[in-house]
2 protein chains.
Amino acid sequence: MFKNLSKNLNSYLKFTDEEKTFFLSLFEYKKMKKYDHIVKAGEICRYVAYVNKGLFRYYFIAGSKEHTTRIFMEDSWASDYVSFLCHKESEVNIEALEDSELFIVNDESMQRAYDKAKIFERFGRLMAESLFIDIVSRNTNFLRKTPEERYLDMLEQTPQIFNRVSLKYIASIIGIEPESLSRIRKRTAGR
Amino acid sequence: MFKNLSKNLNSYLKFTDEEKTFFLSLFEYKKMKKYDHIVKAGEICRYVAYVNKGLFRYYFIAGSKEHTTRIFMEDSWASDYVSFLCHKESEVNIEALEDSELFIVNDESMQRAYDKAKIFERFGRLMAESLFIDIVSRNTNFLRKTPEERYLDMLEQTPQIFNRVSLKYIASIIGIEPESLSRIRKRTAGR
């Protein structure tokens, strides 16, 4: 049941069997239907979710416009981590784009793990560090790369999302209108 | 000597005397002259610095334009943390705007602390979490607030920087041209 999650944890750290068993016992299985939300703007995000199956998008609404900023696929961690850490209302929404399966862990359980042993503190540190590295890299890409470069990066790094995610969401992630994405796709199709 | 740093560490966690003594022993005192750099783009950021005295700006160059994005004052932590964590070349520059004093700790020393005791792992986790919270909040401010609102926030939260930092850097942090900042300052002066 925990096969993928267990493998994902190994990619961060070498847990002993006992540590792994304890940590996995903190997680809860949760099914989600397409269009269900992990969190909606205005709610507090109560858990961190490991995506065992399915697909989520992260979006927010500014003015009258909806902006999709990220996609979480299988084998990734989905959460509004700021809302989760600070127990404050989320500014974003995380929506299932397919029927999905999660393993979720709440704040109380994370604190139990942090109190129990050093390795879980290390896991929490590596998790926070990787979120920080990720957001800085996305900010940098937005400042330094053209939409076409961002599109080509996405095509190279996660080609599968083009079969599973509406182009309007992909355009939004890249930061352009859907029509501009279509033009970029035509222009670069032969490469 | 370590009075301010010691107080800053207490704001994160309650260290025992022994833990505090060990941790402080990892830091090195470093003087910097105005215009000296903690890191320059293309170099690897080798340490995290506690600003004991002075003032730094964080800037990068895109195309032919220089963008200042942050100011680090006394009692804050200055580093290109992504470059520090990943041992990769920095994309940013961190420059002293005044003669300054730092306490710096390098990666090897941080790893020694992480290996030594759980409380240092927790410190590292809280540090990374607070950096993540901070960058998300700055991203959100850029998306949701007007330049005028960002200016008024800055005036309320860190009024002292207006006496110490050139308005061209402040305008850049807010994301506008210096002339626009002047107009905003005139318009809001009476409030």
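Values for this structure:
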item	result
Filter result for the condition that a residue is assigned to a helix (DSSP H, G or I), hydrophobic (A, V, I, L, M, F, W, C) and open to solvent by 50 Å² or more (accessible area, probe 1.4 Å), over A:Leu131, A:Leu152	A:Leu152
Filtered residues of the range B:141-162 (kept if among the β-branched types (Val, Ile, Thr) and more than 14 Å from chain A (Cβ to nearest Cβ))	B:Thr158, B:Ile161
Pick from the range A:8-20, criterion open to solvent by 50 Å² or more (accessible area, probe 1.4 Å) and without any contact (Cβ under 8 Å) to a residue 24 or more places away in the chain, ranking: farthest from A:Lys116 (Cα to Cα)	A:Ser11
Residues satisfying the stated conditions in the range A:155-165, i.e. open to solvent by 50 Å² or more (accessible area, probe 1.4 Å), of a type outside the set (D, E, K, R) and either in contact with a helix residue (DSSP H, G or I) (Cβ under 8 Å, 6 or more places away or on another chain) or touching a residue at least 12 places away in the same chain (Cβ under 8 Å) (or both)	A:Leu155, A:Gln160
Out of A:Arg138, A:Arg125, sole residue that is within 27 Å of A:Ile38 (Cα to Cα), open to solvent by less than 50 Å² (accessible area, probe 1.4 Å), within 14 Å of chain B (Cβ to nearest Cβ) and not in a loop (DSSP other than H, G, I, E, B)	A:Arg125
Scope the range B:169-190; condition open to solvent by 70 Å² or more (accessible area, probe 1.4 Å) and either in contact (Cβ under 8 Å) with a residue 24 or more places away in the chain or within 17 Å of the chain's Cα centre (by Cα) (or both); matching residues	B:Arg185, B:Arg187
Count - residues of the range A:144-191 that are touching a Ser or Thr at 6+ places or on another chain (Cβ under 9 Å) and of a type in the set (Phe, Trp, Tyr)	2
Residue in the range B:163-181 that is within 13 Å of another protein chain (Cβ to nearest Cβ), assigned to a helix (DSSP H, G or I) and under 25 Å from A:Ser83 (Cα atoms) present	no
Qualifying position, being under 28 Å from B:Met127 (Cβ atoms) and not hydrophobic (A, V, I, L, M, F, W, C), among A:Asp107, A:Asp99	A:Asp107
Residue that is farthest from the other protein chains (Cβ to nearest Cβ), among those in the range A:64-122 that are assigned to a loop (DSSP other than H, G, I, E, B) and open to solvent by less than 40 Å² (accessible area, probe 1.4 Å)	A:Leu97
Residue tally, condition outside any strand (DSSP E or B) and either open to solvent by less than 10 Å² (accessible area, probe 1.4 Å) or basic (Lys, Arg) (or both), over the range B:21-58	7
Condition check for B:Thr146: open to solvent by 50 Å² or more (accessible area, probe 1.4 Å) and of a type in the set (Ser, Thr, Tyr)	yes
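The values are calculated or read from the model by the stated rules, or taken from the named source; none is laboratory data. Bear in mind that the values here come from a model prediction, so they are computed numbers and not experimental data. Every residue, glycine as well, gets a Cβ built from its backbone with ideal geometry; the counts of neighbours run over all protein chains shown. Surface accessibility is based on the protein's heavy atoms, side chains included, excluding ligands, DNA and RNA. Shrake-Rupley method; radii C 1.70, N 1.55, O 1.52, S 1.80 Å.
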